[in-house]
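In what follows, a single structure is set out as C-alpha cells and then discussed.
The values are calculated or read from the model by the stated rules, or taken from the named source; none is laboratory data. Note that the structure is predicted; figures quoted are calculated from it, not measured. All Cβ positions, glycine included, derive from the backbone under ideal geometry; neighbour counts span all protein chains shown. What goes into the accessible areas is simple: the full protein's heavy atoms, side chains included, and nothing from ligands, DNA or RNA. Shrake-Rupley method; radii C 1.70, N 1.55, O 1.52, S 1.80 Å.
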Amino acid sequence: QVQLVESGGGLVQPGGSLRLSCAASGFTFSSYAMRWYRQAPGKERELVAFINTVGSFTNYVDSVKGRFTISRDNARNTVYLQMSSLKSEDTAVYYCNAYHPLYGDNYWGQGTQVTVSS
C-alpha cells in the first residue's frame, strides 16, 4: 500500500541540472519528514538532504550545499530534489525516504539513477 516512486533521473553532463521527484501514496505524507539518500557503486548509502514535515527546515550534506535544493508539496504528496552544477561525484542511485519523527517509521522508494558524465 505504501509507495514512494522516484522519477527524473538520467544522464547529464557535468555542470548540468536535474530535478528528481518522489511521489508518495498509502500514508499520511504531511506527517512524515522526507529525506533523499544516494548510493554510488562501491560506496555506502549517504544522506543527501532532509526536509521537515511542513517544509520550514532543510539541511544538506556538505558536498551538495549551494547546489541542491530539497522541497515538498504536501498538497501533491511529492518531494523534490533540484540538482544543479552537477559533478561526476554526484553519480549515484538516488532514493526517497519517508521518516515519521514520532513513530520512527521508514519507507523507501526504489531509486532512480543519476549519471553525470561527459
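Considered as a group, the residues in the range 71-85 that are buried (at least 22 other Cβ atoms within 10 Å of the Cβ) and among the hydrophobic types (A, V, I, L, M, F, W, C) include one that is nearest to the chain's Cα centre (by Cα), and that residue is 81.
The residue list 54, 114, 93 contains one member that is part of a loop (DSSP other than H, G, I, E, B) and either open to solvent by less than 60 Å² (accessible area, probe 1.4 Å) or on the phi < 0 side of the Ramachandran plot (or both), which is 54.
Among 5, 48, which is the only one that is among the β-branched types (Val, Ile, Thr), at pLDDT 95 or above and within 21 Å of residue 116 (Cβ to Cβ)? Every option except 48 fails the conditions.
Looking only at residues that are over 21 Å from residue 14 (Cα atoms) and polar (S, T, N, Q) in the range 57-69, which one is surrounded by the most Cβ atoms within 10 Å (Cβ to Cβ)? Applying the filter and picking the extreme gives 58. For the range 1-48, the strands (runs of 3 or more DSSP E) that sit wholly inside it and include 3 or more residues that are open to solvent by 40 Å² or more (accessible area, probe 1.4 Å) are 3-7, 18-25.
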